[in-house]
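Following: one structure in structure tokens, then a few remarks.
The values are calculated or read from the model by the stated rules, or taken from the named source; none is laboratory data. Since this is a predicted model, take the numbers as computed values, not measurements. When we count neighbours, we look across all protein chains shown, and the Cβ atoms used for this are built from the backbone with ideal geometry, even at glycine.
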Amino acid sequence: MYGYVGKILEVDLSTGEFEKVDIDEKDCRDYMGGSGLAAKIYIDRFPGDVDPLSPENLFIIMTGPWTGTRVPGGNRFAACARSPLTGHWGEASCGGYFGPELKAAGYDGIVFTGVSDKPVYLWINGDDVELRDASDLWGKDTYETADMLIERSKADTGRKAKVAAIGPSGESGVKFAAIVHDKHHIAGRTGMGAVMGSKNLKAIAVVGTGKKVEIADPDAFKRWRELVMEDYAESLVVESLKAFGTNANLEIGAMLGDVPFKNWQVGEDDEVIAKINGPTYSDEILVKAYACWACPIGCKRVIEVKDEPYSVARGAGPEYETICMLGSNLLNDNLASIAKGNEMCNRWGIDTITMGAIIALVTECQEKGLLSVDECDGVSIGWGDPDGMLELIEMAARNEGFGARMAQGSKALSEEIGSDAPVMAVQVRGLDAPAHDPRGFHGFALSYATSPRGACHCASTNLYLEGGSAPPLPQIDLEGPFDEQSSVGKAYLTARAQELGQIFNAAVVCYFTAVSWQEDALITAINSVTGLDYDLDSFMRVGERIWFLKRGIQALFGSGGEEDIMHPRFYKAVEEGSHAGSVPDFDLMKREYYEYRQLDDEGRLTRGKCEELGLGFLADKLGI
Ligand code: SF4
């Protein structure tokens, strides 16, 4: 099969047995790969209403047909399972080098079942697959774990393994624990690190053995890639990502009303932005830029902070989301402390977005008298308080005392605190909103409400289409330009943007490299790699089918239209910034969206629509 290496590795952690099974060709056509194919595998073996941290929960790592090719940004893999943070479908995407290495070892994906009776790591060196004792790694942070496994790999094979590992927070069940790949790349969201920890699976170390991803039409692919590179050479978006990384978005985002301040209560703060924006970052902490596999952009940052009290050894620097969630949203203008917080989260293995959201919740609760300093184990925190922030990160990461309460996530903590606290935990379906304000981009309200994993910026291309950084898509009636602060027409835009997002997460590709590809380019990219003959309609259908499948899985987990909400905080307008006074008309967007999606009034799937998409088996499971 072109675009795939053809095998899924099945690992039963309870018995220690392995099986290498052929990838299903029809499923590849219908669900492509990544989180789409993972969702299909999950539903095929649906374990029922299981505890996400129990042996019965499946844990799936999956690449896509673009992973390991020279498709720019074709380097990602998806990590999927029922989420311990949300209780719903969970998925996290990760770039870097692990996905291509896994394919070079001969596997498109890995499916884990069961639980090991002792800590182990999965060692893959082509056909040589082994569960190795990880007792000496247990308790090590993700950086130490990567170093140790890379050293062992060099000793064994002469080559550096690519490592995806959890830290102590994943081991102890922090519900927003992440998977960290080689210190720089994070599968952060929905607690996939905790799922690994619950299975006593410390890490996966993979060494490729030269298995090639065959391209169906190398000439067409080469021509397509040359055109893409020409476009990049003229793109201002690419230029700014190269110059400032993802933090290039901070200043422009703040101007457009995208950036959160003071737990989403304030619309702008120019002084904070000036101290943490892209140019300041470059001046004060940047060492060099860095790129994932097959990426001509290189938005990743290597940084170093020499001065105490926030010294950070040369290594991965914070990205836009982290800079907002540990910076602007806490009114923290101390860039070095943000870099320190980022390093701590990476080493412990926790998601910086959720961590920042919890700190914002605790800060506001202390300010408003809903939490005492005593209840927080003596930690006092106010706005713009880097030391308090770092103390809370350490407490949550350790999962002890008040930290164990934070480790349950912002929704659970806010409900436990009670009173108005849930209004201060800005989430949908238990997943904390990333740093994009729906009052600045109305479509985001709908995107958060109906994303398969909760409030998520990586399940759709809304931001790029609404904001105009992606070109129009006239063949699917997205001509633009769009008024970011209007709710009119956003139901259709969001639905189509979600379909594209689901395809990006299935193919699997980096959004920054791919959002500039228009319809014909997308079709050429997928067909030249896979040899399949998608037309635009069947291509977009893949995204639609995946969205419906994940929606069905959510329903089986007990989450339906009642959770398609805009968080209360976004019903209150901010008074500052370009989005002052702006509130999305969520009811209008949701009504139009349900109509377009052919959901019933309660947001439920219908059998007719399921069957139209080839999801009759899902309708059967749902009993509709
Ligand atoms: S744009 Fe950035 S995140 Fe995307 S593939 Fe390139 S380096 Fe990685």
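Results, tabulated for the structure shown:
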| item | result |
| --- | --- |
| Strands (runs of 3 or more DSSP E) lying entirely in the stretch 94-178 (those with 2 or more residues that are surrounded by fewer than 19 Cβ atoms within 10 Å (Cβ to Cβ) and in the same structural domain as P47 (by TED's automatic domain parsing)) | 128-133 |
| Test result for T15, closer than 24 Å to T190 by Cβ, in the same structural domain as G114 (by TED's automatic domain parsing) and out of contact with any Ser or Thr (no Cβ under 8 Å at 6 or more places or on another chain) | no |
| Lone unmet requirement of (1) touching a strand residue (DSSP E or B) at 6+ places or on another chain (Cβ under 9 Å); (2) of a type in the set (A, V, I, L, M); (3) not assigned by TED's automatic domain parsing to the domain that holds P260 for I393 | (3) |
| Helices (runs of 4 or more DSSP H) (entirely within the stretch 287-403) containing at least 2 residues that are within 16 Å of the ligand (Cβ to nearest atom) | 320-325, 335-348, 352-367 |
| Qualifying residue in the stretch 270-285 (condition: assigned to a strand (DSSP E or B) and within 15 Å of the ligand (Cβ to nearest atom)) | no |
| Total residues in the stretch 67-93, condition within 13 Å of the ligand (Cβ to nearest atom), closer than 30 Å to K411 by Cα and either hydrophobic (A, V, I, L, M, F, W, C) or surrounded by fewer than 24 Cβ atoms within 10 Å (Cβ to Cβ) (or both) | 1 |
| Matching entry among V195, V237 (being more than 26 Å from A407 (Cβ to Cβ), in a helix (DSSP H, G or I), under 22 Å from the mean Cα position of the chain (by Cα) and of a type in the set (A, V, I, L, M, F, W, C)) | V237 |
| Residue count for the stretch 415-455, restricted to those that are more than 16 Å from N329 (Cα to Cα) and surrounded by fewer than 24 Cβ atoms within 10 Å (Cβ to Cβ) | 8 |
| Condition met for Y448 (touching a Cys at 6+ places or on another chain (Cβ under 8 Å) and under 21 Å from G560 (Cα atoms)) | yes |
| Condition broken by G139, with the remaining ones in (1) without any contact (Cβ under 8 Å) to a residue 60 or more places away in the chain; (2) of a type in the set (G, A, S); (3) under 24 Å from R301 (Cα atoms) satisfied | (3) |
| Residues being of a type in the set (V, I, T) and touching a strand residue (DSSP E or B) at 6+ places or on another chain (Cβ under 8 Å) - total across the stretch 39-74 | 6 |
